[in-house]
Amino acid sequence: MRLAILPPIAVVALLSASPAGFAGTAVMVAVAVAWTCAYGWWLSRGGTAPAVVDGAVLLVLCLSVFWTDAAATSNSDWLRVLVTVACVTWQWHTPAVTGFVVAVVVSAGMIIIFAMAGLTMNGVPGWTIAMAGGSRAAWVLVFRAAERADRTAAEAERARREAAVAEAERAEERELANSLHDTAATTLLMVGTGQVPSGASWLAPQARRDLDQLRSYDGKTTEQADLVDLLRAGLDTEHLTVDFTAPQRLPLRFDVASAIAGAAREALNNVRRHAGTDRATVRLHGDPDALRVEIADEGRGFTVTGATATRRGLRESVHGRMNRIGGAATVTSAEGSGTVVRLVWSS
């Protein structure tokens, strides 16, 4: 702030100087400019130049009225402005007592010096002290408000981080629960409900695959995955023949590819458990920007209305997974007409 007022007050001082006092005024203005620049540089470098030194230099400038015309009656405003701004700005970077005491001493010293020199003081002599007090009060209010804002921002950021961690934990728990539901729980349910005939050759390999998948789950992800590979891995079973059609590769973000593959795997699980058929088709169409996966069977079908709400597999493992990546799942079925599950996603 003091640097900003230097050019105008220097111009005012020089233009208002009398011809006889121009040289002395120029010297005092040069001293004021040089010291203000040096003091500002010192503070900007992290220095701790005491305000008392700055105040002493300003009082020396005021004392120049006894040997120059730099602050004659008609040309004292520039020096008064410089002292006033100094008193105001000291309140921003000094302890409260130090800043205010120095402001009072320098302001009073300027008034006394000008009075002893017989200079006429325009305005109220104590106005500089009042401005310094107002500056300190404003600084305290702003500083405290900034502290409150910082605390509020820190608390909000901490709450945001805690919420993000909690959501990440819930998402991992949800995905682990979905993986358990889609693998071992499904196989055990089929055994427990008598859907697996005695001596079924595919049961032991299926149980091993379920356990391997659960063991491999560690929550870690990579940046990308090939959706075709993930879908093909879910077809490795002996008790369901799947006609699979897809491009050679379809790389996607890992979370997207994993969610789509998981939803498709659960749709095939539903075919194994409920459709009453050992055949299904899986069709993948699209590219990394937009795609569609269709899982269809010609089994017994079911009434779709209300099924999403009552069946956890459809609600969480199919619709839930697709919703979380910004996609959608639709189920089309009717009694005796088979079932088609469509998974749609676009970036």
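What does the charge add up to near Gln224, with Lys and Arg as +1, Asp and Glu as -1, over the other residues with Cβ less than 13 Å from its Cβ?
-2
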* Could you give the nm distance between label points at Thr245 and Ala290, where each point is 7 Å from its Cα heading toward the beta carbon? -> 2.0 nm
* Asked: Dipole of segment 239-292, Cα-centred, from +1 at each Lys and Arg C-beta and -1 at each Asp and Glu C-beta, to the nearest 20 debye?
  -> 140 debye
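Could you give the dipole magnitude of segment 243-347 about its Cα centre, charging the beta-carbon of Lys and Arg +1 and that of Asp and Glu -1, in debye to the nearest 20?
Values: 15 positive and 11 negative charges, 59 e Å.
Using only the charged Cβ atoms, the result is roughly 280 debye.
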* To do: Leaving out ligands and nucleic acids, note down the accessible area per residue over segment 1-149 with a 1.4 angstrom probe, in whole Å².
  => 51 Å²
* **Segment Ala154-Arg45, length gained on full extension (0.36 nm per residue, minus Cα span)** => 36.4 nm
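Around Pro95, with a cut-off of 15 angstrom between Cβ atoms, what is the net charge of the other residues, counting Lys and Arg +1 and Asp and Glu -1? Working shown, then result.
On the way: positive: Arg136; negative: Asp54.
Counting the neighbours of Pro95, the net charge comes to 0.
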* To do: Please report how far the C-alpha centroid of segment 1-72 lies from that of segment 135-175, rounded to the nearest whole angstrom.
  => 45 Å
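Say R0 is 51 Å: what FRET efficiency, to the nearest 0.05, do Phe254 and Glu147 get from their beta-carbon distance? Walk me through the numbers before you get to the answer.
On the way: r = 43 Å, r/R0 = 0.84.
The pair Phe254/Glu147 has a calculated efficiency of 0.75.
The values are calculated or read from the model by the stated rules, or taken from the named source; none is laboratory data. Quick caveat, the model's predicted, so the values are computed rather than measured. Every residue, glycine among them, receives a Cβ derived from its backbone with ideal geometry; neighbour counts consider all protein chains shown. Heavy atoms of the whole protein, side chains included, go into the accessibility calculation; ligands, DNA and RNA do not. Shrake-Rupley method; radii C 1.70, N 1.55, O 1.52, S 1.80 Å.
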